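Beneath this line is the structure, given in structure tokens, with notes to follow.
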Amino acid sequence: MDSCCIDVTQYDENGNAVRFTSKDSKGKVKNESVFTRHENGLWTGSTDTRKEANPAAPWKVGVDDKGQYTIAQTFDSTGKPDIYYTTLGQNEYGQVLWLETI
């Protein structure tokens, strides 16, 4: 294990990552990411926090009634939308692919 820091990933009952925490050598949280998931397990967003506990570019992704990604957007650190992704896809592992932005 690296002596400078500790990284911990927490998983839900289906094996999906739901939280990632990075701590310094003294155990102080440097950053943390919390992931949200659709009922079918698809990743639908994340909120990241840095050591000052400020949000850093949260993501939100829409999933339609067929379980396919529809639209995604990112937000700046003040919570205002800044980028929209309208053409999304997913790879063979169900991971979202950003294909186009407006």
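The values are calculated or read from the model by the stated rules, or taken from the named source; none is laboratory data. Please read all numbers here as calculations on a predicted model, not as lab measurements. No Cβ is skipped: glycine too gets one built from the backbone with ideal geometry, and neighbour counts run over all protein chains shown.
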Counting only residues in the stretch 4-36 that are touching a residue at least 12 places away in the same chain (Cβ under 8 Å) and not in a strand (DSSP E or B), the one nearest to Thr49 (Cα to Cα) is identified as Lys28
Go through the stretch 1-17 and give me each residue that's modelled with pLDDT of 85 or more and either under 17 Å from Gly62 (Cα atoms) or charged (D, E, K, R) (or both). Asp7, Asp12, Glu13
Those residues of the stretch 18-41 that are modelled with pLDDT of 85 or more and within 18 Å of Leu97 (Cα to Cα) come to a total of 4
Could you check the stretch 56-79 and list, in sequence order, the residues that are surrounded by fewer than 11 Cβ atoms within 10 Å (Cβ to Cβ) and modelled with pLDDT of 85 or more? Asp64, Asp65, Lys66
